[in-house]
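The values are calculated or read from the model by the stated rules, or taken from the named source; none is laboratory data. From a predicted model like this one, the values you see are computed outputs, not experimental measurements. Quick reminder, even Gly has a Cβ in these numbers, built from the backbone with ideal geometry, and neighbours come from all protein chains shown.
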Amino acid sequence: MFSFNVELIFKIYLLLFIFYFIDNATASANCRPAEYSTEEGCCPTCPPGMYVSRHCNQSRSTSCASCKEGTFQDGDNGREQCFSCQHCDAGLGLKVKKSCSSTSDAVCEVLDGFFCSDSNGGGCGAAQRHTVCSPGQYIGQRGTADKDTECLHCTDGTFSDGTSSSCQNHTKCESVGLKLMKPGNDSTDSECGEHGRHRGLEIGHVAGIIPGVILGMALMASIIIAIIHWKNKKETTPLKSADGPEPTRDQRERTITIPETIDDHHGDQRLDPAPPSSPTHDGSVLLPVHPPQSGPKDQRGVNN
């Protein structure tokens, strides 16, 4: 019995909820185009550029407020806040096509080198950079504001660095009288050279080394000659006296030793070495003076 009553009560509440929902929907559907539905009934809408700050009731009408900067309302509305304006971020490849106002959203477009990947209402919500073709590819279709760049691969016997709109044929070296040095691939052309080019390079390399070797040998010979000359000059240079300045040529001539004449007991004369002379302060040498001696003279003299 109790279980039956609970089930009956639940069905009654469900029916009441359905009737309430249908009644509100009917009331909302009965609102005029310039009105919106609330719990109190239908209220006048706010105009574009404004939002509802307070709903109407039986004693007052709807209160509206202007959208703040960076927000907008593009039509009559019963919303309690405005929409946020779209931001055209240059870092995402977008720029402003039309600025945001209180009654309309901003409109963005792509920068050069980008294409739109998300179009919305005549503008662009997101962008991507154009694909750069790699070496070995050519540009089949250049990118636009709405489409990405189309890159296609070069076929055999052709090449491209990725920046041209078509591939070029490899150069045939034999057809221009040259020798194939390195075959081409899809990104580079063939390398051609003259016949016997390597031998010419070797000869030129040797010819360039010889002058350097000769110059180096000449430089070493000059250094050796300079060292020998310096040593010879050093050996022939007279040493200076430790007692004074080096005597001049005239002073050296006046330092000749004069032998002294001495009579011996037999009346013969002999020469004895003079005592050493003493140099003066100016470099000259003083000679010793001997007084005359008396004694036997030669056979022609008086004394004996």
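Checked against (1) farther than 30 Å from Ser164 by Cβ; (2) in contact with an Asp or Glu (Cβ under 9 Å, 6 or more places away or on another chain); (3) touching a residue at least 24 places away in the same chain (Cβ under 8 Å), Ile139 meets all criteria but (1).
Asn120 falls short on exactly one of the conditions (1) within 26 Å of Gly70 (Cβ to Cβ); (2) surrounded by 14 or more Cβ atoms within 10 Å (Cβ to Cβ); (3) polar (S, T, N, Q), and that condition is (2).
None of Ser134, Ser102, Ser84 is touching a Gly at 6+ places or on another chain (Cβ under 8 Å), within 30 Å of Thr62 (Cβ to Cβ) and surrounded by fewer than 15 Cβ atoms within 10 Å (Cβ to Cβ) except Ser84.
Let's see how each residue does on (1) of a type in the set (Asp, Glu); (2) modelled with pLDDT under 95; (3) loosely packed, with under 15 Cβ neighbours inside 10 Å:
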{"residue": "Asp146", "(1), (2), (3)": "yes, yes, yes"}
{"residue": "Ser160", "(1), (2), (3)": "no, no, no"}
{"residue": "Ser175", "(1), (2), (3)": "no, yes, yes"}
{"residue": "Leu178", "(1), (2), (3)": "no, yes, no"}
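Applying the condition of being of a type in the set (A, V, I, L, M) and in a strand (DSSP E or B) to the stretch 119-134 and asking which residue is farthest from Ser160 (Cα to Cα) yields Ala126.
Checked against (1) in contact with a Lys or Arg (Cβ under 8 Å, 6 or more places away or on another chain); (2) under 30 Å from Gly49 (Cβ atoms), Phe72 passes all but a single condition, namely (1). Whenever a residue of the stretch 49-64 is within 19 Å of Ser102 (Cα to Cα), its partners that are assigned to a loop (DSSP other than H, G, I, E, B) and of a type in the set (A, V, I, L, M, F, W, C), lying with C-beta atoms within less than 9 angstrom and at least six residues away or across chains, give the pairs Gly49/Cys67; Gly49/Cys82; Met50/Cys67; Met50/Cys82; Tyr51/Cys67; Tyr51/Cys82; Ser63/Cys56.
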